[in-house]
Amino acid sequence: MLNRRTLLGALSAVAMLAASNGAFAQDNYDIALISKGFQHQFWQAVKAGADKAGAEFGVTVTFEGPETETQVDRQMDMLAAALSRKPDAIGFAALDSQAASPLLQQAHDAGIPIIAFDSGVDSDIPLTTVTTDNVAAASLAADKMAELIGGEGKVAVVAHDQTSRTGIDRVDGFVNRIKEAYPKIEVVSVQYGGGDQLQSTEITKSILLANPDLKGIFGANEGSAIGVVNGKTELGSNVVVIGFDSGAAQKGFIESGAMAGAITQNPVGIGYETVKAAIGALKGETLPKIIDSGFNWYDKTNMADPAIAAVLYD
């Protein structure tokens, strides 16, 4: 369950957007959102933002996703089922940036606007993508890692996948920033655990055992980061961990010192802006190719700051 106080704070962070939305008529559009999963608090926060926009604009919003972020086929089934009921618009967060192309083409041919969110797709069909600048966010994680390990040493990455746009961009953003800016830091391993905590834990342990002099690990999403800390803890390692996303577990790890800090997105804002963009598309508005939902670094020193607390979630 999302913590009531932090959820209200997050919703208030997007409430200011409503002031300029009076032009939206109260048309009862049917907007189907297909997410990458339900297992992380991140997706519950995205849903909260989508529901907020649905209530505010008087539209029907459905929100579903597969049980885990490895179930590409299951997500394709959900997208096909959504298409079969002919919603007015679809929001889609792709687990695989290419697998959905035939279904997206079907939607396009049927005149159903597609809004990509969180992860983009290798297609020009989506009218916009509501997302974090994941390359820039991961680059910031690299800068923070370099600062925390003294600008030299070995580091590794545990990421969720190499098929979604977020997985690709976060790995590239971190690795490329290290290569271009920190010649004394070596990325010795990049491995993928499907965003699963248990799998990421085992991967982390194998990386640490193979690299006893490792100084840091970047966990590129919520499940990956939690798994990294669990693996570190099981081996009694003091490796520096930087995470991505929020949630009660990561916040607790940062408070205890097991994780140095993390990058938070604005998941409530992602859900809200996805629904808002779908309504705009249905009303014939021209949308920007990217709607940047923003990101922030947080650690023990700033978690209580109002601007940061508003985009953290439990």
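With the simple model of a label 7 Å out from the Cα in the direction of the Cβ, D30 to Q105 spans 2.6 nm. Where the accessible area of the chain is counted over protein heavy atoms with a 1.4 Å probe, how much of it, in %, is carbon and sulfur? Within the chain, the accessible surface is 51 percent carbon and sulfur.
Considering the convex hull of the alpha carbon atoms of the stretch 134-265, report its projected area averaged over all viewing directions, in nm², one decimal. Present the calculation step by step, with values, prior to reporting the outcome.
Numbers: hull surface 26.5 nm².
The directionally averaged projection comes out at 6.6 nm².
About its Cα centre, what dipole magnitude does the stretch 134-265 give when the only charges are +1 on Lys and Arg Cβ and -1 on Asp and Glu Cβ, stated in debye to the nearest 20?
Numbers: 11 positive and 15 negative charges, 31 e Å.
Dipole of the stretch 134-265, to the nearest 20 debye: 140 debye.
Each Lys or Arg adds one and each Asp or Glu subtracts one; over the other residues with Cβ under 15 Å from the Cβ of A281, this totals -3.
When nucleic acids and ligands are ignored and a 1.4 Å probe is applied, V135 ends up with an accessible area of around 60 Å².
Close amide H contacts of I217 (hydrogens built in the peptide plane, cut-off under 5 Å, sequence separation of 5 or more or a different chain): A156, V240, V241, I242.
Dipole orientation for the stretch 134-265: of the candidates A220, Q199, G151, G151 has the Cα lying most toward the positive pole (charges on Cβ; Lys, Arg +1; Asp, Glu -1). Heavy-atom accessible area with a 1.4 Å probe sorts M145, M303, largest first, into M303, M145. Excluding same-chain neighbours fewer than eight residues apart, the lysines reachable from K154 by a Cα-Cα span under 26 Å are K144, K179, K184, K205, K215, K232, K251, K300.
Full extension of the chain between A309 and E67 gives 84.3 nm of extra length, using 0.36 nm per residue less the Cα-Cα distance. In the assembled protein chains, K300 presents an accessible area of approximately 130 Å² (probe radius 1.4 Å).
Evaluate E = 1/(1 + (r/R0)^6) for S84 and A55, where r is the Cβ-Cβ distance and R0 equals 25 Å; express this FRET efficiency to the nearest 0.05.
Values: r = 26 Å, r/R0 = 1.04.
Computed FRET efficiency for S84 and A55 comes out at 0.45.
Between the beta carbons of K300 and E147, assuming R0 = 22 Å, the FRET efficiency works out to 0.90 to the nearest 0.05. If you place +1 on the Cβ of every Lys and Arg and -1 on the Cβ of every Asp and Glu, how big does the dipole about the Cα centre of the chain come out, in debye to the nearest 20? With Lys and Arg at +1 and Asp and Glu at -1, about 480 debye.
Taking amide H as placed 1.01 Å from N in the peptide plane, the amide H of G153 sits under 5 Å from that of I185, E186, each at least 5 places away or on another chain.
Arrange the peptides 71-77, 163-169 so that the one whose residues have, on average, the most other Cβ atoms within 10 Å appears first. Don't skip to the end; give the middle numbers.
Working: 71-77: 17.0, 163-169: 22.3.
By packing density, highest mean first, the sequence is 163-169, 71-77.
Label sites at L209 and A181, each approximated as a point 7 angstrom past Cα along Cα to Cβ, lie 3.4 nm apart. Charge dipole of the stretch 24-168 (Cα centre as origin; +1 on each Lys and Arg Cβ, -1 on each Asp and Glu Cβ, all else neutral): 160 debye, rounded to the nearest 20.
Each residue of the stretch 224-232 was assigned a 3J(HN,Hα) from its phi angle through the Karplus expression (A = 6.51, B = -1.76, C = 1.60, θ = phi - 60°), giving 4, 5, 5, x, 4, 5, 4, x, 4 Hz with x at Gly and Pro. In the stretch 134-265, a dipole from Cβ-located charges (positive for Lys and Arg, negative for Asp and Glu) runs towards its positive end, and of S237, H160, V135 it is S237 whose Cα lies farthest in that direction.
The values are calculated or read from the model by the stated rules, or taken from the named source; none is laboratory data. Predicted model, so just to flag it, every value in this text is computed and none were measured. Positions of Cβ are generated from backbone atoms using ideal geometry, with glycine treated the same way; all protein chains shown enter the neighbour counts. All accessible areas refer to the heavy atoms of the entire protein, side chains included, with ligands and DNA or RNA removed. Shrake-Rupley method; radii C 1.70, N 1.55, O 1.52, S 1.80 Å.
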